[in-house]
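*Asks:* The structure is given below, and queries will be raised subsequently.
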Amino acid sequence: MKRLILAAIAVSFIWAGTALAGDMGNVSGEVTKVDGEMVTIKMADGSSKAVHVDPKGTKKEGDIKVGAKVSADVSSSGHANWIKAMTEDHGAMKK
């Protein structure tokens with residue numbers, strides 16, 4: 001019984017650590033919608049991700065508008081730490 005309780009506590013700590021440190025990571029694709037502080041990005045696999053772009057806390061580069069190709073670093077809660085509009089330069093994506 002003692003081992004079971006210790007195992008449950010260990011799993012809880014691992015889960016909590018993963019949830020707190022969790023990071024969605026980089027999200028890249030085309031902006032399909034801008035609604036206030038929310039930007040919807042359609043990724044290459046066809047799925048879409050709504051990302052919160054805080055006017056004070058998110059570092060923005062370029063013109064973030066519908067149709068723009070963007071890359072963003074997004075937390076597990078959906079907040080963009082930074083978002084960059086990408087430009088095409090001779091067929092290659094350039095940051």
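The values are calculated or read from the model by the stated rules, or taken from the named source; none is laboratory data. As the structure is a prediction and not an experimental result, all values here were calculated from the model. Every residue, glycine among them, receives a Cβ derived from its backbone with ideal geometry; neighbour counts consider all protein chains shown. Only protein heavy atoms, including side chains, enter the accessible area calculation; ligands, DNA and RNA are left aside. Shrake-Rupley method; radii C 1.70, N 1.55, O 1.52, S 1.80 Å.
*Asks:* Please calculate the 1.4 Å probe accessible area of LYS33, with all protein chains present, and give it to the nearest 10 Å².
*Replies:* 110
*Asks:* Can you tally the net charge around GLY67? Count Lys and Arg as +1, Asp and Glu as -1, for every other residue whose Cβ sits under 11 Å from the Cβ of GLY67.
*Replies:* +2
*Asks:* Ordered by residue, what ³J(HN,Hα) values in Hz, to whole numbers, does region 28-44 give under the Karplus form 6.51 cos²θ - 1.76 cosθ + 1.60, where θ = phi - 60° and Gly and Pro are x?
*Replies:* 10, x, 9, 6, 9, 7, 10, 10, x, 8, 9, 10, 9, 10, 8, 8, 4
*Asks:* Between beta-carbons, use under 13 Å as the cut-off and find the net charge around THR32, counting Lys and Arg +1, Asp and Glu -1.
*Replies:* On the way: positive: LYS33, LYS42, LYS49, LYS65, LYS69; negative: GLU30, ASP35.
Net of charged neighbours comes to +3.
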